[in-house]
Amino acid sequence: MDIGISKKDREKIAQGLSRLLADSYTLYLMTHNFHWNVKGPMFNTLHLMFMGQYTEQWNALDLIAERIRALDFPAPGTYKQYVKLASIKEVEGVPGAMDMVRHLVKAQEATARTARELFPLVDKANDQPTADLLTQRLEVHEKTAWMLRSLLEE
Ligand SMILES: [Fe+2]
């Protein structure tokens, strides 16, 4: 295989994308979990807001995994691998509604950091499709973090 990126660079990019996939999956599941379990006066707003977020997140998983495959490396797809690769810690129990929002802000920001960390390598390797994917993911995570953060402010 020769797409103009060395095998070593493809491998390092695939590893970075695997960490992004693990964080994205963990964030997806956290958001869906909170959609199911949120309670309180903000129920309707948060239940619907979380649905929009986990639906977008779910679709993004496929794009990240298939970019890893296009670089000719296996995409991680088990909970065991995700726990090992993710920077986001799973939340225990059922937090209150506003604590759910706080957890999601942190998880959105963590996912943005994981995507951003990979940028220098992707730039150096001249990997435009991955740079494009990372740019799209950063835009979504930063915007969603802002929207969630706004719920916590007076
Ligand atoms: Fe639902």
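Cross-link partners for K124 among the lysines, with Cα-Cα distance under 25 Å and sequence neighbours closer than 8 places in the same chain left out: K7, K8, K12. Summed over qualifying helices (DSSP H, 4 residues or more, each -39500 (n - 2.57)) and divided by its residue number, the chain shows a 222 nm mean residue ellipticity of -26500 deg cm²/dmol.
What is region 61-154 by shape, rounded, prolate or oblate, if you read a ≥ b ≥ c off the alpha carbon gyration tensor as root eigenvalues and call it rounded for a/c under 1.5, prolate for a/b larger than b/c, and oblate otherwise? Please list the in-between numbers first.
Values: a/c = 2.87, a/b = 1.55, b/c = 1.86.
Taking the square roots of the gyration eigenvalues as a ≥ b ≥ c, region 61-154 is oblate.
Each Lys and Arg Cβ is given +1 and each Asp and Glu Cβ -1; about its Cα centre, the chain then shows a dipole of about 360 debye. The overall shape of region 1-134 is prolate: from the C-alpha gyration tensor, with semi-axes ordered a ≥ b ≥ c, the ratio a/c is 1.5 or greater and a/b exceeds b/c.
Since every read-out is calculated from the coordinates, none of them should be taken as a lab result. As the structure is a computational prediction, the values presented were derived from the model and not from experiment. All Cβ positions, glycine included, derive from the backbone under ideal geometry; neighbour counts span all protein chains shown.
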